[in-house]
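The values are calculated or read from the model by the stated rules, or taken from the named source; none is laboratory data. This one's a predicted model, so the numbers in the text were calculated from it and none came from an experiment. When we count neighbours, we look across all protein chains shown, and the Cβ atoms used for this are built from the backbone with ideal geometry, even at glycine.
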Protein chains: 2
Amino acid sequence: MGGRFPPFQRWHVACTRSPHPRRPCTFVEEPAAIPTSDRALPAEVCAWIERLGSLEPEVIPVNAAARGRWLAHDVLAGEPFPPAARAAENGYALRAEDTVGASAYGPLVLRWAAGSTIGRGEAMSVTSGAALPEGADAVLPLEDAESGGGGLHVCAAVAAGAQVIPAALEVDRGDVIAACGALRPQDLARLRLLAVERVSVVRRPRVRLVAAAAPTAAPDAAGLMLDALVQRDGGLPERRLAATPEELQAALQSPGADLILVHGGSGDGPNDHAASALARVGTPVFSGMAIHPGESTAAGRVDGVPVMLLPGTPVACLCAYEMIAGGAVRHLGGGGTGWPYGMRRAILRRKIASRLGRLEFCRVRCDGVTAVPLGIAAAGALRTAVEADGFVLVDVDSEGYAPDTEVSVHVFP
Amino acid sequence: MGGRFPPFQRWHVACTRSPHPRRPCTFVEEPAAIPTSDRALPAEVCAWIERLGSLEPEVIPVNAAARGRWLAHDVLAGEPFPPAARAAENGYALRAEDTVGASAYGPLVLRWAAGSTIGRGEAMSVTSGAALPEGADAVLPLEDAESGGGGLHVCAAVAAGAQVIPAALEVDRGDVIAACGALRPQDLARLRLLAVERVSVVRRPRVRLVAAAAPTAAPDAAGLMLDALVQRDGGLPERRLAATPEELQAALQSPGADLILVHGGSGDGPNDHAASALARVGTPVFSGMAIHPGESTAAGRVDGVPVMLLPGTPVACLCAYEMIAGGAVRHLGGGGTGWPYGMRRAILRRKIASRLGRLEFCRVRCDGVTAVPLGIAAAGALRTAVEADGFVLVDVDSEGYAPDTEVSVHVFP
């Protein structure tokens, strides 16, 4: 922490906070709160999260439960598929050259092939997915033919290769079957089609959620919200309540978590014990972050396990999760630190103001192509997050956006 | 079906298919396949799906498992919250008028309040979320104050209402706490904050997935994919294999499903039994749809339960699910027939060609601001869906898009 918190700022620190303001400030043994200029930049925090790396892989079967899991490595094909050409739809296998000049007004007539191969002037009915008979190089669609007396009436010319799935179309030897990343339904289908039975995916992070507060409504609301957010981001949440500093220390030290998110008690009020507990049993790394809402967000390690301290106010907790902690959950699970949201461009209906030096998480409601910033009057209310369709970020080097500016909106999933 | 399948087309129908093409076509008892012009338009199918309505609501507890469930009704507030004004952050409760003229270079000094109310020239330390003491109308942030000897040194002026959560900010009596729609983490937090313990959500549709084919790799791949897609869309999948027409009929008739999706056997090949099974035990409504891939997609009802017949080829099955069946799953579950994807605008790198009269599902790979259409050579391959980041739809009245056209891409989740 040395370079980031030079000694002269300890005075400022001690002076701006006092647990019992009616007594004169002692200037001494206060745990350090962090002045604005010392809050960690989101980019620094993001770099730290990226250095955590992702968890080790585990092998799971290819089934529907694998949807959304993060493939740890590209899966490569050992053999081409299909091994030989196939019909792409129901129709008639034939030689394309035999259809030249055919039309609805002047159909050509082909003979039904007598054997299993297609000779000149011959055709054979094939079903979608069946092997293309030897000698054929195209499939005439059903709708371009009439199978009247005497053979097949060809009503349209087809090109060589039409309605044919060539050998190795799906994959050739060494091709990527499924690329490193989240497994989608179509990826699962392709793995199954190519007889891949098991895959190596990044283990899901076990995320301990610790309510560092008396059991009142707000921390419980924040805990429930974090539970749902962690699940959304692929983590396995485990919720705990730590009503006392001792319980909080125990929750930080007990094994079995890949990431610990403490909510509540992150500030510098008299009942805020999260930062001091982290300092006692672990190593604080960031004590305050240049984000808003959520300036009190802190991070460090206990016995090697990353720990983040989030605000207890539900809306600030949401913003801090979305800006910081969610990236850690996703990154440990293999998914990187980016936002899992869709984006859209929109025109701001009203200005967004932000202080220089902090990343602002501005909730907006989208209305057609315009975005209305919420929460100027109600910044501390969860309603600003509930009424929002998404958010606009104002970077640390910006004071915001004027009305009618075109901005990028991250849309809540 | 009357109006949509006029009698003269029965001839055309019978002529374009023949289970044993080496025998002359019988022109008689063939189950009707549908010529291009008679395929149902996606808008007609969508209107039919919308008439299915959504399932009845059920009451569930507000917990993390409720994430993504579809709230059946708006939840309204019975009481205002918070009932009285609160501090929005840690700081000092005071009267805003007492801070006029304060600055870092000329701080004003306020006395610590002796009682529980704030008089003129007085201040009191408050923590975020605590009730605002009577008499105060603003909270001075910690960073704008120094609590030195003799009282609070105010280094900045604050406006009335600054850092204050007014009474009823979160909700007033009768306000919407959570609106009809999918429950997000922040909605759950707000419900918990406002002590709403149970909510009424639309029941999840039970979706029976029937593989109407011999147990080979392709139907199994399509079944696995549909399983994952139905789960993605909030349904409860149940998979069955129907290797014979009799098993298929039994799967269509056995109770316990809100929607049945048959995959495979939807076409008019000799081994395609889905359409005839539906006609035998239920009422076909659409026999073929104007979509590509997936023209053979059909729909109807058996004992009042909606049934859809999807192609067995995995890529066509995916496209038909995304264009048609997914909307039915989501609509039954309360979520409407729209696509659950984010959208982005992109410039086409190559042209997309489509036949007039059908909705084309063109898979594209996005590369920065450009979109590359996939699958011109490999339309029948699942690779076009696996390599795609999303899809561009070409509507029935369009023949496609020229290169460099700006198009909307639906991005796969």
Those residues of region A:221-255 which are within 30 Å of residue B:413 (Cβ to Cβ) and among the aliphatic types (A, V, I, L, M) amount to A:221, A:222, A:224, A:225, A:226, A:228, A:229, A:230, A:236
Just one of (1) more than 9 Å from chain B (Cβ to nearest Cβ); (2) over 28 Å from the mean Cα position of the chain (by Cα) trips up residue A:196, so point out which. (2)
Could we say that residue A:328 is exposed (fewer than 15 other Cβ atoms within 10 Å of the Cβ) and not β-branched (Val, Ile, Thr) here? no
With respect to the numbered conditions (1) more than 8 Å from every other protein chain (Cβ to nearest Cβ); (2) outside any loop (DSSP other than H, G, I, E, B), which one is the sole condition not fulfilled by residue A:158? (2)
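Quick grid of which residues meet (1) of a type in the set (Val, Ile, Thr); (2) at positive phi; (3) within 24 Å of the chain's Cα centre (by Cα); (4) within 14 Å of chain B (Cβ to nearest Cβ):
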site: A:331; (1), (2), (3), (4): no, no, yes, no
site: A:338; (1), (2), (3), (4): no, no, yes, yes
site: A:365; (1), (2), (3), (4): no, no, yes, yes
site: A:374; (1), (2), (3), (4): no, no, no, yes
site: A:381; (1), (2), (3), (4): no, no, no, yes
site: A:387; (1), (2), (3), (4): no, no, yes, yes
site: A:404; (1), (2), (3), (4): no, yes, no, no
Restricting attention to region B:93-109, the residues that are within 14 Å of chain A (Cβ to nearest Cβ) and either modelled with pLDDT of 95 or more or part of a loop (DSSP other than H, G, I, E, B) (or both) number exactly 4
Restricting attention to region B:83-99, does a residue exist that is more than 30 Å from residue B:205 (Cα to Cα), aromatic (Phe, Trp, Tyr) and surrounded by 15 or more Cβ atoms within 10 Å (Cβ to Cβ)? yes
Quick one: is residue A:32 under 36 Å from the mean Cα position of the chain (by Cα), modelled with pLDDT under 95 and either at the interface with chain B (Cβ under 10 Å from one of its Cβ atoms) or within 30 Å of residue A:324 (Cα to Cα) (or both)? yes
What about residue A:346, is it touching a Ser or Thr at 6+ places or on another chain (Cβ under 7 Å), modelled with pLDDT under 90 and either assigned to a loop (DSSP other than H, G, I, E, B) or not assigned by TED's automatic domain parsing to the domain that holds residue A:235 (or both)? no
Could you tell me which numbered condition residue B:207 fails, if it satisfies all but one of (1) surrounded by 22 or more Cβ atoms within 10 Å (Cβ to Cβ); (2) modelled with pLDDT under 95; (3) not polar (S, T, N, Q)? (2)
Got a number for residues in region B:326-343 being of a type outside the set (Val, Ile, Thr) and either under 14 Å from residue B:391 (Cβ atoms) or assigned to a helix (DSSP H, G or I) (or both)? 11
Sort out which residues of region B:163-180 are buried (at least 22 other Cβ atoms within 10 Å of the Cβ), among the hydrophobic types (A, V, I, L, M, F, W, C) and part of a loop (DSSP other than H, G, I, E, B), and write them in order of number. B:169
Has region A:260-271 got at least one residue that is away from chain B (no Cβ under 14 Å) and surrounded by fewer than 24 Cβ atoms within 10 Å (Cβ to Cβ)? no
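Rundown of residues vs (1) surrounded by 13 or more Cβ atoms within 10 Å (Cβ to Cβ); (2) at pLDDT below 50; (3) not hydrophobic (A, V, I, L, M, F, W, C), yes/no style:
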| site | (1), (2), (3) |
| --- | --- |
| A:6 | no, yes, yes |
| A:11 | no, yes, no |
| A:42 | yes, no, yes |
| A:46 | yes, no, no |
| A:63 | yes, no, yes |
| A:72 | yes, no, no |
Return the residue satisfying two criteria in turn: it lies in region B:362-380 and is in a loop (DSSP other than H, G, I, E, B), touching a strand residue (DSSP E or B) at 6+ places or on another chain (Cβ under 7 Å) and buried (at least 18 other Cβ atoms within 10 Å of the Cβ), and of such residues it is modelled with the lowest pLDDT. B:380
Of the residues B:190, B:240, B:232, which single one is more than 8 Å from every other protein chain (Cβ to nearest Cβ) and either of a type outside the set (Val, Ile, Thr) or closer than 21 Å to residue A:194 by Cβ (or both)? B:240
Among B:130, B:114, which is surrounded by fewer than 22 Cβ atoms within 10 Å (Cβ to Cβ), touching an Asp or Glu at 6+ places or on another chain (Cβ under 9 Å), over 19 Å from residue B:103 (Cα atoms) and within 11 Å of another protein chain (Cβ to nearest Cβ)? B:114
